[in-house]
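Asks: Got a structure for you, questions after.
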Amino acid sequence: MRYIPTNHLKKNMVLGQDIYDATGMMLLSTHTILSEENISYLAFLGVKGVYIDDACSKTIEIKTLVRPEIENTAVQAVHDMFTSALGEQLDVSEEERRIQRIVEETVKDVLKNEQVMCNLIELKTYDGYTYFHSVHVGILAGIIAAKMHLGEDEIHDVIMAGFLHDMGKIFIDADLINAPRRLTEDERVSMMEHPRRGYEFLTHRFHFPSRVNRAVLEHHEWYNGMGYPEHKRENQLLNLARILKAADVYDAMTSKRPYHQPYLPSEVMEYIMGRSGMEFDPRVVEVMARELCIYPVGCEIELSNGKRAIVKENHKGYVLRPTIQLLDTENLIDLRADREARNLTIVKLMM
Ligand SMILES: [Fe+2]
C-alpha cells in the first residue's frame, strides 16, 4: 500500500482504504477501482490523499494506530457536542456517556500500538474542519502520553481534553476563527478568550474529571509562561496541558488553514524543537522528535541522487533515516545502516 496525494491520483488506481466524508459517512470502500469521477469528487471534498494498492507497494504495510471507524465516530460525537452546545439542553448525560465510550475505545487502540511509531498521515484525510482537528489532537496527545508512559487514566483524560479543547470557540464569532488575515488587537483578545470559555462551559455542563477541564483551560499556555490566559509556566501547568499544547500546534501547522498552507512534518518538528523550553515542554518535544514519523510509511520521497522511493519502515530515534524501497528497481535501502547510502539524503516528500 502507498500514499498518493489526490492531485497525483490516476484512473484505475485501486483504493487501499475506506474513505469517509467529513461527517464520518463512508464514501468509497477498500478495493474500489477509481474512476475520473471518484478522483474529482475526492478533490472536491478536500481529501488530501489516499492509500492505494499497487504492484510496487505490495510489501509495504501500513499500521493503523486508531481504527478508522473509531476516529469517524469520534468526529461525529465531537460535531454533535459542538453543535448542540449552543442549542437547547439535550440529554447531557447521554452525550457524556457517548464521548466516554469513544475515548475508551481510542485508549485501547493507543495502548495496543504503544510500540508502533506514529505515522501521522493517516490522521490527515481532511484539513480545516474543527471536528477533525479536535479528534486528531486528542489522538496525537494520547499517543504522546502513552509514549511518555503516563497511566491509562491520564491517557484517557488527555484524549478527552483533545477532543474538546477548542469547544470555547463556539462562543467566538465564526468570522474571526476562519479569517484569512491578521486579526486586529481587539479581535485577538476576543479569540484568546476561547480556552476560558471552553473551560467554563465544560465545568458547568458536564462531569468530566477536573483535569480534563483544566487541560482545556491551559492548552494555549507556554512552558515559559508567555502563553495565555493565565501565563502559567512549567510545573504550574498540568502535564496533560503541555502535551495538548504540542499536539495542537503540530496538527494545526501540518493542516491547511485559511491563513497558511500545510507545513511538512519535518518543518513542523523543526519549529517545535526550536521552541523547546520556551513554548513547549522539553520532555514532550523529546518524545515527539523520537516517535513521530517525519517520513510516514507509504509516502513517496525523492533522494538527493534524483531517484524516487517509497518509505517502507521507520526506525525509532532515527526519524530522518527510514528504510525505503526504490521505485525503479524495488531494491530496499536502509538509510540508517547501509554504508553505501551514507551520502544519500531525502530531499522531497510528496504529500
Ligand atoms: Fe485553541
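Asks: Take ARG290 and decide whether it is surrounded by fewer than 16 Cβ atoms within 10 Å (Cβ to Cβ), in contact (Cβ under 8 Å) with a residue 12 or more places away in the chain and part of a helix (DSSP H, G or I). Steps first, please.
Replies: Values: surrounded by fewer than 16 Cβ atoms within 10 Å (Cβ to Cβ): yes; in contact (Cβ under 8 Å) with a residue 12 or more places away in the chain: yes; part of a helix (DSSP H, G or I): yes.
Spelling it out, ARG290 is indeed surrounded by fewer than 16 Cβ atoms within 10 Å (Cβ to Cβ), in contact (Cβ under 8 Å) with a residue 12 or more places away in the chain and part of a helix (DSSP H, G or I).
Asks: Out of the residues in segment 189-229 that are away from the ligand (no atom under 13 Å from the Cβ) and among the charged types (D, E, K, R), which is nearest to PHE82 (Cα to Cα)?
Replies: Once the filter is applied, the top-ranked residue is ARG205.
Asks: Further question: Does LYS58 satisfy the criteria of being among the charged types (D, E, K, R) and farther than 21 Å from ILE139 by Cβ? Spell out how you get there, then give the answer.
Replies: On the way: among the charged types (D, E, K, R): yes; farther than 21 Å from ILE139 by Cβ: yes.
So LYS58 passes the test.
Asks: While we're on this one: Mind checking which strands (runs of 3 or more DSSP E) fall wholly inside segment 1-100 and carry at least 3 residues that are of a type in the set (Asp, Glu)?
Replies: In segment 1-100, there are no strands (runs of 3 or more DSSP E) which contain 3 or more residues that are of a type in the set (Asp, Glu).
Asks: Go through (1) loosely packed, with under 14 Cβ neighbours inside 10 Å; (2) touching a Ser or Thr at 6+ places or on another chain (Cβ under 7 Å) for ASP328 and report which single condition fails.
Replies: Condition (2) is where ASP328 drops out.
Asks: Could you tell me whether any residue of segment 276-284 is polar (S, T, N, Q) and away from the ligand (no atom under 16 Å from the Cβ)?
Replies: yes
Asks: For the structure I just gave you, tell me whether LEU326 is in contact (Cβ under 8 Å) with a residue 12 or more places away in the chain, among the hydrophobic types (A, V, I, L, M, F, W, C) and over 26 Å from GLU114 (Cα atoms).
Replies: So LEU326 fits the description; yes.
Asks: What number goes with the only condition from (1) within 15 Å of the ligand (Cβ to nearest atom); (2) modelled with pLDDT of 95 or more; (3) surrounded by 18 or more Cβ atoms within 10 Å (Cβ to Cβ) that MET253 does not pass?
Replies: Tallying (1) within 15 Å of the ligand (Cβ to nearest atom); (2) modelled with pLDDT of 95 or more; (3) surrounded by 18 or more Cβ atoms within 10 Å (Cβ to Cβ), MET253 fails exactly one: (2).
Asks: If you go through segment 263-277 one residue at a time, do you hit one that is of a type in the set (A, V, I, L, M), over 24 Å from ILE60 (Cα atoms) and modelled with pLDDT of 95 or more? Please lay out each step first, then the result.
Replies: Taking segment 263-277 and keeping what is of a type in the set (A, V, I, L, M), we get 264, 268-269, 272-273.
Within this subset, residues satisfying the condition of being over 24 Å from ILE60 (Cα atoms) are 268-269, 272-273.
After this cut, where a residue has to be modelled with pLDDT of 95 or more as well, the list is 272-273.
The answer is yes, given that some residue of segment 263-277 is of a type in the set (A, V, I, L, M), over 24 Å from ILE60 (Cα atoms) and modelled with pLDDT of 95 or more.
Asks: Still on this model: Return yes or no: is LEU42 within 25 Å of the chain's Cα centre (by Cα), surrounded by fewer than 18 Cβ atoms within 10 Å (Cβ to Cβ) and either assigned by TED's automatic domain parsing to the domain that holds VAL311 or under 21 Å from GLN76 (Cα atoms) (or both)? Can you show your working first?
Replies: On the way: within 25 Å of the chain's Cα centre (by Cα): yes; surrounded by fewer than 18 Cβ atoms within 10 Å (Cβ to Cβ): no; either assigned by TED's automatic domain parsing to the domain that holds VAL311 or under 21 Å from GLN76 (Cα atoms) (or both): yes.
No; evaluated as a whole, the condition is false for this residue.
Asks: Hey, another quick one. So which residues in segment 230-275 are closer than 14 Å to GLU218 by Cβ, assigned to a helix (DSSP H, G or I) and charged (D, E, K, R)?
Replies: Selection gives GLU234, ARG242, LYS245, ASP248.
The values are calculated or read from the model by the stated rules, or taken from the named source; none is laboratory data. Bear in mind that the values here come from a model prediction, so they are computed numbers and not experimental data. No Cβ is skipped: glycine too gets one built from the backbone with ideal geometry, and neighbour counts run over all protein chains shown.
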